[in-house]
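Novice: The structure under discussion is supplied below as structure tokens; questions concerning it will follow.
The values are calculated or read from the model by the stated rules, or taken from the named source; none is laboratory data. Computed from a predicted model, the values in this text were never measured in an experiment. Glycine gets a Cβ as well: all are built from the backbone with ideal geometry, and neighbour counts include every protein chain shown.
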Amino acid sequence: MHEFSWDKEAEDTLSKILNIWPAIIRKSWKEKISNSARLIAYDEKSPKITGDILYRGAVNALPKSYEPLLLRIKSPEEFARKKESQEKLSEKEWLIEIKRWDRPDGENGPKIIKKPSEQNVLAIMTSPRIGGNTDILMEKFLDGVRSKGAKVEKFNLQKMNISGCLGCMKCTEVDLPEICVLKDGMSEVYRKFIEADSVVLGFPVYTGRECALTAAFFDRMHPLRAPIHFPKISTLKRGALIGTWGWPSNDSYNHIIEFQVMLLKLFNVITSEIITACGFWGEYYKKGIIERDQKGLEETFRAGASFVTPL
């Protein structure tokens, strides 16, 4: 690729961004950001890489969850203002936003054959905050499901005795009735998962990734991927995801949501509905505050109703 000169602002900006990480991984990110900036400069026919081009290159190269850190580098004042806005509630600048993701035209997920009244929907809530905003959002979605007559069974994993995966791999060797050698709450989850027509997963983003119970759930789901058990889930299921996070940007953690979509696909669950909500930070972290977004909750209800309705 054509070599570009760099102005001082670009070099200073890159240095500030690289200081986000420990030195041992800076080289990798330097290459990604620099290559992204070169592509922008080439596309815009710029003779050099400027500070603005470098910054946009970083935005393109980094996961969207780096938005707060990049904003603090680009505009400390704007970062401070945005952070301060979350320390007190304001009707003029309401930060919580519920978003129903766009669905592709045509068939979206496995075709619904059964009537809603004949469908079994399994809901898995992995948030440790029972009655919290993630839980409320899922319940509104499930209200929509129930409104069509579908049967719903919901597991709050926080209330259940579920151990972490031991990595013993016995699940690949022996066809145990309980699926896993650990005889705990997951035994019932396995059974209901196998029987379900659809699966709804709800979780919050903590520390830049899915919460611990979500990770534990997928670890413990591994037995169903074993050849001796996988035929039990050979029929495709429809899936829905409910996710929440703190930073007030409605796409900051889309990559985390998308990764859970791919994990569900490992178990033949094809996600057809995604509902996310952002802005739960500071004063906006209070339990139940999501209920003030009635418009978003109404759309969530409609999503739940359509989730079990044949096209």
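Novice: Taking the conditions exactly as written (exposed (fewer than 10 other Cβ atoms within 10 Å of the Cβ) and without any contact (Cβ under 8 Å) to a residue 60 or more places away in the chain), does A37 satisfy them or not? Walk me through how you get there before you give the answer.
Specialist: Working: exposed (fewer than 10 other Cβ atoms within 10 Å of the Cβ): no; without any contact (Cβ under 8 Å) to a residue 60 or more places away in the chain: yes.
No: the conditions fail for A37.
Novice: Scan R56, R81, R72, R100 and give me the residue that is touching a Phe, Trp or Tyr at 6+ places or on another chain (Cβ under 7 Å), of a type outside the set (G, A, S) and surrounded by fewer than 18 Cβ atoms within 10 Å (Cβ to Cβ).
Specialist: On inspection, the qualifying residue turns out to be R72.
Novice: Among the residues of the stretch 258-307, count how many are surrounded by 20 or more Cβ atoms within 10 Å (Cβ to Cβ), among the β-branched types (V, I, T) and touching a helix residue (DSSP H, G or I) at 6+ places or on another chain (Cβ under 7 Å).
Specialist: Final tally of qualifying residues: 6.
Novice: Which of the residues spanning the stretch 248-257 are exposed (fewer than 15 other Cβ atoms within 10 Å of the Cβ) and of a type outside the set (D, E, K, R)?
Specialist: Start the filter on the stretch 248-257 by keeping residues that are exposed (fewer than 15 other Cβ atoms within 10 Å of the Cβ), which leaves 251, 255.
H255, the sole residue that qualifies.
Novice: Next question, about the same structure. Return the residue satisfying two criteria in turn: it lies in the stretch 180-216 and is aliphatic (A, V, I, L, M) and more than 27 Å from the chain's Cα centre (by Cα), and of such residues it is surrounded by the most Cβ atoms within 10 Å (Cβ to Cβ).
Specialist: L182
Novice: Being touching an Asp or Glu at 6+ places or on another chain (Cβ under 6 Å) and over 22 Å from D251 (Cβ atoms) is the filter; apply it to the stretch 88-97 and report the residue that is surrounded by the fewest Cβ atoms within 10 Å (Cβ to Cβ). Working first, answer last.
Specialist: From the stretch 88-97, those touching an Asp or Glu at 6+ places or on another chain (Cβ under 6 Å) are 88-89, 96; that's our starting set.
Retained after the next criterion (residues that are over 22 Å from D251 (Cβ atoms)): 88-89.
Numbers: K88: 9, L89: 16.
Once the filter is applied, the top-ranked residue is K88.
Novice: Has the stretch 65-84 got any residue that is in contact with a strand residue (DSSP E or B) (Cβ under 6 Å, 6 or more places away or on another chain) and charged (D, E, K, R)?
Specialist: no
Novice: Restricting the search to the stretch 233-258, which residues are within 13 Å of the chain's Cα centre (by Cα) and either farther than 19 Å from S306 by Cα or not in a strand (DSSP E or B) (or both)?
Specialist: Matches in the stretch 233-258: T244, W245, G246, N250, D251, S252, Y253, N254, H255, I256, I257, E258.
Novice: Across the stretch 62-82, what is the number of residues that are over 21 Å from K8 (Cβ atoms) and in contact (Cβ under 8 Å) with a residue 12 or more places away in the chain?
Specialist: 9
Novice: A follow-up question, please. So, in the stretch 145-162, of the ones that are of a type in the set (G, A, S) and surrounded by fewer than 22 Cβ atoms within 10 Å (Cβ to Cβ), which residue ends up farthest from E195 (Cα to Cα)?
Specialist: Per the criteria, the residue is S147.
Novice: Then there's this: Tally up the residues in the stretch 272-311 that are among the polar types (S, T, N, Q) and free of Cβ contacts under 8 Å to residues at least 24 places away in the same chain, please.
Specialist: Counting residues in the stretch 272-311 that are among the polar types (S, T, N, Q) and free of Cβ contacts under 8 Å to residues at least 24 places away in the same chain gives 1.
So that you can scan it fast, the table gives a plain yes or no per residue for (1) at pLDDT below 95; (2) of a type in the set (A, V, I, L, M, F, W, C); (3) farther than 15 Å from F217 by Cβ; (4) assigned to a loop (DSSP other than H, G, I, E, B):
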residue: K154; (1), (2), (3), (4): no, no, no, no
residue: N161; (1), (2), (3), (4): yes, no, no, yes
residue: C165; (1), (2), (3), (4): no, yes, no, yes
residue: D175; (1), (2), (3), (4): yes, no, yes, yes
residue: E178; (1), (2), (3), (4): yes, no, yes, yes
residue: K183; (1), (2), (3), (4): yes, no, yes, yes
residue: E188; (1), (2), (3), (4): no, no, no, no
residue: F193; (1), (2), (3), (4): no, yes, no, no
residue: V199; (1), (2), (3), (4): no, yes, no, no
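Novice: Let me ask something else. I need the full set of residues from the stretch 164-189 which are in contact with a helix residue (DSSP H, G or I) (Cβ under 7 Å, 6 or more places away or on another chain) and under 13 Å from A226 (Cα atoms), in order please.
Specialist: Applying the first criterion (in contact with a helix residue (DSSP H, G or I) (Cβ under 7 Å, 6 or more places away or on another chain)) to the stretch 164-189 yields 164-165, 171, 178-181, 186.
Selection gives C171, I179, C180.
Novice: When the stretch 149-158 is examined, which residues are found to be farther than 21 Å from N268 by Cβ and more than 22 Å from the chain's Cα centre (by Cα)?
Specialist: Scanning the stretch 149-158 gives a single hit, G149.
Novice: Another one. If K140 satisfies all but one of (1) in the same structural domain as F301 (by TED's automatic domain parsing); (2) within 20 Å of L297 (Cα to Cα); (3) among the charged types (D, E, K, R); (4) modelled with pLDDT under 90, what's the number of the condition it fails?
Specialist: Just one mismatch for K140, condition (4).
Novice: Let me ask something additional. Would you be able to tell me the number of residues in the stretch 163-215 that are under 26 Å from I112 (Cβ atoms) and free of Cβ contacts under 8 Å to residues at least 40 places away in the same chain?
Specialist: Qualifying residue count for the region: 4.
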